[in-house]
Amino acid sequence: MTRRLLLVAALILGTLPVLLVGASPASAHEPVTTNYCTNAPDRVSGFYDFRHACAHHDACYALHYSTRSGCDSTFLAEMRVACRADNAWYNPARAACYDVANLYYSAVRLFGSRYYNSGSTSTPMQ
């Protein structure tokens, strides 16, 4: 099985917090772990839940299965999906959720380079 297929299976099965594929550029034999959104709230009940997007972003940075820009773009897209899932189109909270997603995206674009290059999963506001 390829690394990407294992990652997709882990996402579907909800086992991403410890993904035992042994593919981190920094250490080829350590599991990829996630700390979700690091120092930022990864969910606010009734408003947003970015845990999936944050965990996927951690894995993307650790495994380099996309460029950094690709990881970050997917991160934003997945947060926006979470906003739509948690807030009806007529709910003003959806627009506010999009604002939070854009803020998190801006943070990883501004500060994520060293984490992507090191294969670390501890990116600020990720």
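Values quoted throughout were computed directly from the atomic coordinates according to the rules given, and no laboratory measurement underlies them. Values in this document were obtained by computation on a predicted structure and should not be read as measured data. For neighbour counting, all protein chains shown are included, and Cβ atoms are generated from backbone atoms with ideal geometry for every residue, glycine included.
List of remarks:
- Under 14 Å, Cβ to Cβ, from Leu76 - net charge with Lys/Arg +1 and Asp/Glu -1: +1
- Summary of packing: across the peptides 102-115, 49-62, 74-87, the per-residue average of other C-beta atoms within 10 Å ranks them, highest first, as 49-62, 74-87, 102-115.
- Note on Ala85 and Ser118: with the Förster distance fixed at 35 Å, the Cβ-Cβ geometry gives a FRET efficiency of about 0.65.
- Each label was represented as a point 7 Å from its Cα along the Cα-to-Cβ direction; for Asn39 and Phe111 these points are 0.5 nm apart.
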